[in-house]
Amino acid sequence: MPTRSTTSSAPSKTVLLTGFDPFGGATVNPSWQAVQSLHGERLLDHTVVAAQLPTVFGESLRCLSALLDAHRPALVICVGQAGGRGAISLERVAINVDDAPIADNAGARPIDAPVRPRAPAAYFTGLPIKAMLAELQAAGLAAEVSQTAGTFVCNHVFYGLMRTLATHRSLRHARGGFVHVPWLPEQGAPNMALDDIVRGLRLAVHTALRVRQDGALGAGATH
Ligand code: PCA
């Protein structure tokens, strides 16, 4: 009997976590170290898949698209490093702007360019960030809701993720968003121990699987 290919749009029981490679002259990126250590963990009946994205405009989103196609995750949390922040930052909004303060890992430095031409100005996160905030703080971790993911590759990936989730029928059951993490102690101050970052991300995933949406805003375009 021929085997039927599974083209169903139902999400798998996969949680996709992405981190970035080091950039700007650094040799480590805590986002990748943290998500890597969660790879293969089972949380509320879901399995975590961790993958690395390049800190490169364009290529990062091509990689993310391939991962979304391959895994059809129920939940996607992209994670990046935010030097200068001392808390796990739950990003509220992705904006349709690439405005790079430094060159990316391929030497590109787009200025005032859209992530996606003729697309909405912004998308709100699809994650229950207030519920996540409460859980992280209750666990004794420094956490905050952030109103900007910047205009470098992290915001680029966050916007591309939210645009893709909003426009691809096959991903309509998937939810996603972005979390920034502080430097590791060896990178400077402010910082957070890797164990705490890992604990925070595990709790963030757990909360996002449990709580669908926490505000009236929800995920969606803002014009
Ligand atoms: N942080 C950068 C890009 C990659 C990363 O980990 C940012 O905040 O845009």
Quiz prompt | Residues of region 53-70 classified as out of contact with any strand residue (DSSP E or B) (no Cβ under 6 Å at 6 or more places or on another chain) and either modelled with pLDDT under 95 or over 22 Å from VAL97 (Cα atoms) (or both), total | solution = 4
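Say whether the condition of being of a type outside the set (A, V, I, L, M), farther than 25 Å from MET192 by Cβ and touching an Asp or Glu at 6+ places or on another chain (Cβ under 9 Å) is met by at least one residue in region 114-133. Working first, answer last.
Within region 114-133, the subset of a type outside the set (A, V, I, L, M) is 114, 116-118, 120, 123-126, 128, 130.
From what's left, farther than 25 Å from MET192 by Cβ: 114, 116-118, 120, 123-124.
After this cut, where a residue has to be touching an Asp or Glu at 6+ places or on another chain (Cβ under 9 Å) as well, the list is 114.
Looking through region 114-133, at least one residue is of a type outside the set (A, V, I, L, M), farther than 25 Å from MET192 by Cβ and touching an Asp or Glu at 6+ places or on another chain (Cβ under 9 Å).
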Practice problem: With the checklist (1) more than 16 Å from the ligand (Cβ to nearest atom); (2) of a type in the set (A, V, I, L, M); (3) surrounded by fewer than 19 Cβ atoms within 10 Å (Cβ to Cβ) in hand, flag the one item ALA26 doesn't pass. | Solution: (1)
Practice problem: Output the residues belonging to region 40-90 that are in a strand (DSSP E or B) and not hydrophobic (A, V, I, L, M, F, W, C). | Solution: ARG42, HIS46, THR47, GLN52, GLY80, GLN81, SER89
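Being open to solvent by less than 30 Å² (accessible area, probe 1.4 Å), closer than 25 Å to ALA66 by Cβ, β-branched (Val, Ile, Thr) and in a helix (DSSP H, G or I): is that true of VAL115 here? I'd like the intermediate steps shown before the answer.
Working: open to solvent by less than 30 Å² (accessible area, probe 1.4 Å): yes; closer than 25 Å to ALA66 by Cβ: yes; β-branched (Val, Ile, Thr): yes; in a helix (DSSP H, G or I): no.
Considered against the rule, which asks whether it is open to solvent by less than 30 Å² (accessible area, probe 1.4 Å), closer than 25 Å to ALA66 by Cβ, β-branched (Val, Ile, Thr) and in a helix (DSSP H, G or I), VAL115 comes out as no.
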Practice problem: Starting from residues that are assigned to a strand (DSSP E or B) and more than 15 Å from the ligand (Cβ to nearest atom), keep the ones in region 145-179 and report whichever is least open to solvent (accessible area, probe 1.4 Å). | Solution: GLY176
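The values are calculated or read from the model by the stated rules, or taken from the named source; none is laboratory data. What you see is a predicted model; the values in this text were computed from it and never measured. Using ideal geometry, Cβ is built from the backbone for each residue, glycine included, and neighbour counts are taken over all protein chains shown. These area figures cover heavy atoms from the full protein model, side chains too; ligands, DNA and RNA do not enter into them. Shrake-Rupley method; radii C 1.70, N 1.55, O 1.52, S 1.80 Å.
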